[in-house]
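Enquirer: The structure follows.
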Amino acid sequence: MVARALSCVARSHVVSGGAHLAATQPRAVVLNDGNAVSLRGPTPLAISVAGQFTVVEEAKGWTPRVLAYFYVLAQEDTELLSFHWHPVGPSPVRTPHLHVGVEVRVGERWLPKVHVPTGVIALQDILLLAFEELSVEPIRDDWGMILAETRS
């Protein structure tokens, strides 16, 4: 699902760790060994993707379920938008949120340190944002069909 969606923007490999685990155990997924991948378009943008998922058995078969994610859209070495959901870990913020990479002070806080609530965001939504709002050019002509299929 993740690898297929990412094939719309990158030819880099997606690693899904945990093949030796039981089907329902959490597994990691990482694009390009954790390194940002350049996106095609008039502006030099890049994407980084990492996350964790499990597979659950449903009436229609085995279905992947996202457990955590880190999606980052960057320009050069500056993170522009960082979508996070990490319900387990040291951070006290366990709900899905966005970090905006604009160096603006709001009172005593720097905006990039603020956790803007979002609800769960699908990778496909990040890719659509890149295509529709940030002039990223997909590398596949069938990107719309792939994003629709991998979303369901």
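Enquirer: Could you count how many residues in segment 95-122 are farther than 28 Å from residue 148 by Cα and either in a loop (DSSP other than H, G, I, E, B) or within 13 Å of the chain's Cα centre (by Cα) (or both)?
Expert: The total comes to 8.
Enquirer: Can you name the residue in segment 132-147 that is without any contact (Cβ under 8 Å) to a residue 24 or more places away in the chain and not in a loop (DSSP other than H, G, I, E, B) and is also surrounded by the most Cβ atoms within 10 Å (Cβ to Cβ) among such residues?
Expert: Result: 144.
Enquirer: Pairs only if they're at least six apart or on different chains, beta carbon under 8 angstrom, first in segment 98-122 and closer than 14 Å to residue 79 by Cα and without any contact (Cβ under 8 Å) to a residue 24 or more places away in the chain, second among the polar types (S, T, N, Q) and surrounded by 12 or more Cβ atoms within 10 Å (Cβ to Cβ); list them, first residue then second.
Expert: 98/82; 98/118; 99/82
Enquirer: Here is a check on your reading of the model: is residue 43 modelled with pLDDT of 85 or more and over 17 Å from the mean Cα position of the chain (by Cα)?
Expert: Against the criterion (modelled with pLDDT of 85 or more and over 17 Å from the mean Cα position of the chain (by Cα)), residue 43 qualifies.
Enquirer: Could you tell me which residue of segment 3-15 is surrounded by the most Cβ atoms within 10 Å (Cβ to Cβ), considering only residues that are modelled with pLDDT under 85 and either under 24 Å from residue 144 (Cβ atoms) or basic (Lys, Arg) (or both)? Please lay out each step first, then the result.
Expert: Here is the first cut: in segment 3-15, the residues modelled with pLDDT under 85 are 12-15.
Pick out the ones that are also either under 24 Å from residue 144 (Cβ atoms) or basic (Lys, Arg) (or both) and you get 12-14.
Working: 12: 18, 13: 11, 14: 16.
If we take residues in segment 3-15 being modelled with pLDDT under 85 and either under 24 Å from residue 144 (Cβ atoms) or basic (Lys, Arg) (or both), then 12 is surrounded by the most Cβ atoms within 10 Å (Cβ to Cβ).
Enquirer: Any residue that is closer than 23 Å to residue 10 by Cα and under 15 Å from the mean Cα position of the chain (by Cα) - is there at least one of those in segment 133-148? Before the answer, list the steps.
Expert: First, pick out the residues of segment 133-148 that are closer than 23 Å to residue 10 by Cα: 133-148.
Still in the list and also under 15 Å from the mean Cα position of the chain (by Cα): 147.
Yes, that holds for at least one residue.
Enquirer: Of all residues in segment 19-33, count the ones that are loosely packed, with under 15 Cβ neighbours inside 10 Å and either at pLDDT 90 or above or not in a strand (DSSP E or B) (or both).
Expert: 8
Enquirer: To continue, here is another question. Can you say whether residue 68 is without any contact (Cβ under 8 Å) to a residue 40 or more places away in the chain and surrounded by 11 or more Cβ atoms within 10 Å (Cβ to Cβ), as far as the supplied structure shows?
Expert: Yes, satisfied.
Enquirer: Give me the residue from segment 46-65 that is of a type in the set (Ser, Thr, Tyr) and surrounded by fewer than 18 Cβ atoms within 10 Å (Cβ to Cβ) and, out of that set, nearest to the chain's Cα centre (by Cα).
Expert: 54
Enquirer: Can you report the number of residues in segment 34-77 which are part of a strand (DSSP E or B) and within 22 Å of residue 13 (Cβ to Cβ)?
Expert: Matching residues across segment 34-77 total 23.
Enquirer: Here is a check on your reading of the model: is residue 99 in contact with a strand residue (DSSP E or B) (Cβ under 7 Å, 6 or more places away or on another chain), over 20 Å from residue 2 (Cα atoms) and surrounded by 11 or more Cβ atoms within 10 Å (Cβ to Cβ)?
Expert: yes
The values are calculated or read from the model by the stated rules, or taken from the named source; none is laboratory data. Please read these numbers as outputs of a predicted model, since none were measured by experiment. Please note: Cβ atoms are built from the backbone with ideal geometry, for glycine as well, and neighbour counts cover all protein chains shown.
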